[in-house]
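> Encoded as structure tokens, here's the structure I'll be asking about.
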Amino acid sequence: MKIAVTYENGQIFQHFGHTEQFKIYTVEQGKVIASEVVDTNGSGHGALAGFLAEQNVHALICGGIGGGAQMALASAGIQLYGGVSGACDEAINALLANKLNFNPEVRCDHHDHEHGEEGHSCGSHGCESHNCGNHGCGN
């Protein structure tokens with residue numbers, strides 16, 4: 001089984017759609033047997049789910065993630081553990097010990113803090129300036 005973590009300097013990168021690297025762990029019998037850091041080669045948002053699928057990843061640990069990317073991961077059969085922060089290695093060890101603190105309702109945080117309202121649509125606040133429409137944050 002392969003588990004990917006959004007990666008930046010050993011820490012979990014907090015915006016899935018902008019991650020430039022993943023640390024991919026190969027796990028057998030509940031133990032990490034190998035890991036490598038891979039570049040996304042400029043892939044962003046929805047394309048990252050395809051990138052992970054090509055790497056034969058089964059699960060993803062990340063920080064914030066938009067709804068469109070969540071749907072793309074689900075379509076690719078990749079289990080999501082979002083809303084996680086801290087060191088990548090600590091997160092993978094916590095997951096393997098069934099002690100990972102994650103948020104099954106995670107959302108891309110750069111939208112939530114601007115509004116404080118549930119169910120907003122991207123079109124109502126003109127977030128085209130940061131390409132929100134590319135990852136389906138509710139629009």
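> Taking amide H atoms as placed 1.01 Å from N in the peptide plane, list the residues 5 or more away in sequence, or in a different chain, whose amide H sits under 5 Å from that of Gln79.
Sorted by chain and number, the residues that satisfy this are Ala59, Leu60.
> Here is a further query. All other residues with a Cβ under 13 Å from the Cβ of Glu90 taken together, and with Lys, Arg as +1 and Asp, Glu as -1, what is their net charge?
Values: positive: Lys23, Lys99; negative: Asp89.
Residues near Glu90 contribute +1 overall.
> Karplus couplings for segment 61-69 from phi (6.51 cos²θ - 1.76 cosθ + 1.60, θ = phi - 60°), rounded to Hz, Gly and Pro as x?
10, 8, x, x, 7, x, x, x, 5
> Moving on to the next point. Treating the Cα atoms of segment 1-55 as identical point scatterers in vacuum, please give the log10 of the normalised Debye intensity I(q)/I(0) at q = 0.21, 0.32 Å⁻¹, two decimals.
-0.74, -1.32
Any read-out appearing in this document is the output of simple, stated calculations on the displayed coordinates, not a laboratory observation. Every value quoted in this text rests on a predicted model; they were computed, and no experiment measured them. Methodologically, a virtual Cβ is constructed for each residue, glycine included, from the backbone with ideal geometry; neighbour enumeration extends over all protein chains shown.
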